[in-house]
Amino acid sequence: MKIRTANKKDIKEIVKLINSAEELRETKKSKHDIKYISSHINNPMHQIYICEENNKIIGVLTAEVWKDKKYGFVSNIIMNKKFRKKGIGSLLFNKFEKYCKAKKFRKITFLTKISNKKMQKWSEKKGYKKGDSFYFYKKDL
């Protein structure tokens, strides 16, 4: 297993993996597209780490980095269903934490659905604490 920074050749496989995760979708019909991930690959405000095994991407972490505010925001973390509960999420988070520490960031934040009890339990085990609760508002245009 190898953790590395994503590059352009990974885009299609990243999109496929992210779109396979129903828990990351806002609605059943919403999906990420190639343009969305492409815009993140070489953008200094984003970090994308992948975990691969046998040259196949099995996990992805996408994050925004706010260098001026000194914090990172994890926007997605997803594993291939066959590879869940094998420590891949921890490996990806550890890689991002090392990056943030090297940049002297003050904190890392992320959101999880209230219904996602597994992610909440995992997060607390990793030393993350619940912050304030928020309502998510949206308007379809």
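Assorted remarks:
- THR62 vs. criteria β-branched (Val, Ile, Thr), free of Cβ contacts under 8 Å to residues at least 12 places away in the same chain and closer than 28 Å to MET1 by Cβ: no
- Of all residue pairs spaced 6 or more apart or on separate chains, those with beta-carbon atoms under 8 Å, a first member in region 121-137 that is small (Gly, Ala, Ser) and a second member that is in a loop (DSSP other than H, G, I, E, B) are SER123/THR112; SER133/ILE114.
- Criterion: assigned to a helix (DSSP H, G or I), more than 16 Å from the chain's Cα centre (by Cα), at pLDDT 85 or above and not acidic (Asp, Glu) - qualifying residue of LYS69, LYS82, LYS35: LYS82
- Taken over region 97-141, the criterion of being at pLDDT below 90, surrounded by 13 or more Cβ atoms within 10 Å (Cβ to Cβ) and β-branched (Val, Ile, Thr) is satisfied by THR112 alone.
- Candidates in region 38-52 are the residues that are farther than 14 Å from GLY89 by Cα and not hydroxyl-bearing (Ser, Thr, Tyr); of these, the one that is nearest to the chain's Cα centre (by Cα) is GLN47.
- Residue identified as under 21 Å from LYS103 (Cα atoms) and at pLDDT below 95 among ASN54, ASN43, ASN19: ASN43
- Selection status of ASN116, in contact (Cβ under 8 Å) with a residue 60 or more places away in the chain, over 17 Å from ILE3 (Cβ atoms) and polar (S, T, N, Q): yes
- Pairs are defined by a Cβ separation below 8 Å, a sequence spacing of at least 6 or placement on different chains, a first member in region 1-22 that is farther than 9 Å from ILE41 by Cβ, and a second member that is aromatic (Phe, Trp, Tyr) and surrounded by fewer than 16 Cβ atoms within 10 Å (Cβ to Cβ); the pairs so defined are VAL15/TYR36.
- Failed item, numbered, when TYR99 is tested on (1) touching a residue at least 40 places away in the same chain (Cβ under 8 Å); (2) among the hydroxyl-bearing types (Ser, Thr, Tyr); (3) in a strand (DSSP E or B): (3)
- Every residue from region 80-96 that is free of Cβ contacts under 8 Å to residues at least 40 places away in the same chain and buried (at least 17 other Cβ atoms within 10 Å of the Cβ): GLY89, PHE93
The values are calculated or read from the model by the stated rules, or taken from the named source; none is laboratory data. This one's a predicted model, so the numbers in the text were calculated from it and none came from an experiment. Methodologically, a virtual Cβ is constructed for each residue, glycine included, from the backbone with ideal geometry; neighbour enumeration extends over all protein chains shown.
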